[in-house]
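A quick write-up on the structure given underneath.
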Amino acid sequence: MRKKSGNSKSYLIAICLGLLLTVCPAITVRAEQAAQAEQPAVGWSLMDDRYYYLTESGQCLRNTITPDGYYVNPDGVWQPHSAVILGTEFRAPEKVPSVSDAWTGIQGMESLQDQIQKAFRQRRIRITDSAMEYVAGTDETVLLGIYKNTASGSYRLTIRTALDQSSTDLTQAASYDYAVFRAFLYQLTTTPDYLEDAIYSSWREDNRWNINRTNGVWVGDSQVTYSAGDGCGYYYISPGGQK
């Protein structure tokens, strides 16, 4: 009896082992499939009408440039920037710009130029493939200029005027000076509001962003350094930190 009982138990154990060997591979495959299904996709995701870039761990990138060249803010959100400047809409590039790109706001600049010429005949904006300049007087002194440096992949912003953010009187040249300053920034970066604050505070000597001559400071999607010129200041703006 004991032997027979033992044989029965052995038989039942063998059957159970056989079933487990048959079922386990299927369970493992299904578990792997479930894990893959729950794993978030790497890349762009639209949530609550906002775009985020997700990593393999499911975390969103923040305050950085995505692998495909877009800047996401400290909340992890990509957003296009635009502003109405003296009645003309300017749109920043959606993707971190390159100095090899064409200027993005030619039509807006032409509209701004018309308004300036009506108010002040001796002030105008001139545009070439590699530069935009805002000049004044018969000698065409450059009050503001942006220049492409293809060798370094950076822009240089030249300032030779007393910028005044508070000036809104369109009978005053200072109002147009600041409008052109803002419009120029929309050519250089996807985050012109950050760059405006950083450069303005530096030029007015508050320097909240600590822009300096030696170390590039990240401002939105770009690194910025400063150097002094003869009666002017130079800001070097490197989109994506290009050198």
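No value in this document is a laboratory result; all are computed from the given coordinates. Keep in mind it's a predicted model, so treat the numbers as computed, not measured. In this analysis, Cβ positions are derived from the backbone assuming ideal geometry, glycine residues included, and neighbour counts consider all displayed protein chains.
Summary of computed values
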quantity	calculated
Vicinal HN-Hα couplings computed from phi for segment 115-130 (Karplus, 6.51 cos²θ - 1.76 cosθ + 1.60; Hz; Gly/Pro x)	5, 5, 5, 5, 8, 9, 5, 9, 10, 7, 10, 10, 10, 10, 4, 10
Calculated from backbone phi, Karplus (6.51, -1.76, 1.60) coupling profile of segment 95-106 in Hz, x at Gly/Pro	10, 3, x, 10, 5, 7, 6, 6, 4, 8, x, 4
Per-peptide average of other Cβ atoms within 10 Å, ordering 72-81, 140-149 highest first	140-149, 72-81
Segment 199-213 - phi-based ³J(HN,Hα) in whole Hz, Karplus 6.51/-1.76/1.60, Gly and Pro as x	6, 4, 5, 5, 5, 8, 6, 7, 6, 5, 8, 6, 5, 9, 7
For N212, distant residues with modelled amide H under 5 Å away	V217, Y226
Spherically averaged projected area of segment 130-243 from its Cα convex hull (nm²)	7.2 nm²
Relative contact order (percent, whole number), segment 112-213, Cα cutoff 8 Å, 6+ residue spacing	14 percent
For segment 59-166, the Rg and Dmax computed from alpha carbons only, in angstrom	16.5, 57
